[in-house]
Structure formats: C-alpha cells, structure tokens
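Have a look at the structure below before the remarks.
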Amino acid sequence: MTIEKNAAASEGAPRRKFYGRRKGRQLRQGQQTLIDDLLPRLTILLPKTGLIDPATLFAKAPRKIWLEIGFGGGEHLAHQAKAHPEIGVIGCEVFENGVASMLAHIRDEDLKNVRLHPEDARDLLAFLPSMSIDRLFLLFPDPWPKKRHAGRRFINQDNLDRLANLLVDGAEFRVGSDDPGYIAWALAHVTAHPAFEWPAQSKMDWSRRPDDWPETRYERKALKAGRNPAYFSFRRRPR
C-alpha cells in the first residue's frame, strides 16, 4: 500500500496542485510494513461533507489539539507527543520516507496521542472547525528560494487566513527557518496579518531555540552548513 492509496479514502479532499517531493529512496521492508499496517490506523479520513471534530480522533479525549504542518522525519512531532500525553497531536506530511520515520517513532515510543494526515495539509485544514487548534508548528518548510516560485510558499495570505480561523485566541504559532529569504518573508507576512502578533522583545526571543523546541535533522543540517535559523513565536490575537 502507498500513501496515495491510503489518502484515496479521504474522498472529501479538494484537489490542489502540490509541488513538493513525495518520495525519496525506496523504503526498507520494515518501513513499508509500517506504511501498510500502522499508517491506516492513524490516518485522518476526510469526510465528503461537514467538518471534523479533532478531539474525536483520539481514543481518549485530549485536553488540547496541536498541529504540525510538514513534520519531516517526525523528531519534533514525536518529542511533543511524548512530552505531552494529554495533548492530541496531529501531523501533516506528504513525503513518504518522512511518514515512515514518524511511524517508527510512534511504534518505538508507544505514542497513543498522534494522528496523521499523509497528504497536503491544506486538504485537512479545510475540514477543521474554527477555533479548534491550540498550537501550530511550521518548522523549516521548503523556502522555494527562486523568485518565480515564491508563490508556492506555505505562508501566504490565504493560508494565514485559514490558520487565523482555526487557532484559538492566544494560540501560539511557531515558525522556524534557516533561509534568509524565507525568514524575512515569514516575518513580513505574519506580522502584517491583523490576526497575529509577534511578542518578541529582543533578538534572543527569535535567535535562540526554546528549550521545549527540540532540534531536528533539518536544523542540524543548517547549522552544519553555517546557516543561523530563526525561531519565531507568533500569537493569535483575541477576536
């Protein structure tokens, strides 16, 4: 079974053009087994009509719902799920190898509070109700550095409008990047949006990774290459 076949059950998902990479190296047998056996039990199926109450996705109703868009290899998502078992954690990722890596974290750490959307995050966002997400993570997204590709960046007016609708008042929106162009882009676009504020008081508020924000493979790669990441923490303004 492939992620595409798994996602095909989500018949309510709108069809959008997706530009990111979906597959890398061929999966090892153990990884493929996780995709075939574990992923179907954790995949969020999108309805043909109506909205999803994210709290109902978990065996035990969570205290809050956190969402990570593009979880990569799953290190951050798994860390947050393990550190906060009372939180329902949802992760979106289209890259099959990253999904397989996350599934290994879930199996090895016996994580019960994780659900996955192995497809375009925008499809899921369309089915979540207003004020249903308590914290949102967008960490080291593809920067699409070429000027002609900037429109493909996740942070744009339409997506920020969607996120502003989904986040509860006071919710934290974390954004991390090591690309100077994307750092400037993200800061300009989010702070210009009326629903978000940036409560930073000094450079230390965005140049140092918070203690509860674990390092990921993408951050390590950036630091090894001499790039300095930015760690933004925005807030959803009260309605």
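The values are calculated or read from the model by the stated rules, or taken from the named source; none is laboratory data. Worth saying up front: this structure is predicted, and the values here are computed from it rather than measured. Note that we place each Cβ from the backbone using ideal geometry, even for glycine, and neighbour counts take in every protein chain shown.
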The one condition in (1) assigned to a loop (DSSP other than H, G, I, E, B); (2) surrounded by fewer than 12 Cβ atoms within 10 Å (Cβ to Cβ); (3) modelled with pLDDT of 90 or more that residue 213 fails to fulfil
(2)
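Counting just the residues of segment 157-170 that are in a strand (DSSP E or B) and more than 15 Å from the chain's Cα centre (by Cα), which one comes out nearest to residue 224 (Cα to Cα)? I'd like the intermediate steps shown before the answer.
We begin by selecting, within segment 157-170, every residue in a strand (DSSP E or B); these are 167-170.
Subset that is more than 15 Å from the chain's Cα centre (by Cα): 168-170.
Details: 168: 36, 169: 37, 170: 35 Å.
Only one residue fits best here, namely 170.
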Of (1) part of a helix (DSSP H, G or I); (2) surrounded by 20 or more Cβ atoms within 10 Å (Cβ to Cβ), residue 91 fails just (1)
Identify, by number, the condition in (1) closer than 30 Å to residue 25 by Cβ; (2) touching a residue at least 40 places away in the same chain (Cβ under 8 Å); (3) assigned to a loop (DSSP other than H, G, I, E, B) that residue 104 doesn't meet.
(3)
Do the conditions hold for residue 27, that is, is it surrounded by 17 or more Cβ atoms within 10 Å (Cβ to Cβ), at pLDDT 95 or above and either over 18 Å from the mean Cα position of the chain (by Cα) or not in a strand (DSSP E or B) (or both)?
no
Pick out the one residue from 173, 137, 154, 127 that is in contact with a Ser or Thr (Cβ under 8 Å, 6 or more places away or on another chain) and outside any helix (DSSP H, G or I).
173
Name the single residue that is surrounded by the fewest Cβ atoms within 10 Å (Cβ to Cβ) among those in segment 119-170 being without any contact (Cβ under 8 Å) to a residue 40 or more places away in the chain and farther than 23 Å from residue 181 by Cα.
130
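Would you tally the residues in segment 125-150 being of a type outside the set (Val, Ile, Thr) and under 21 Å from residue 195 (Cα atoms)?
From segment 125-150, those of a type outside the set (Val, Ile, Thr) are 125-132, 134-150; that's our starting set.
Filter once more, so that each one left must be under 21 Å from residue 195 (Cα atoms): 125-132, 134-139.
The total comes to 14.
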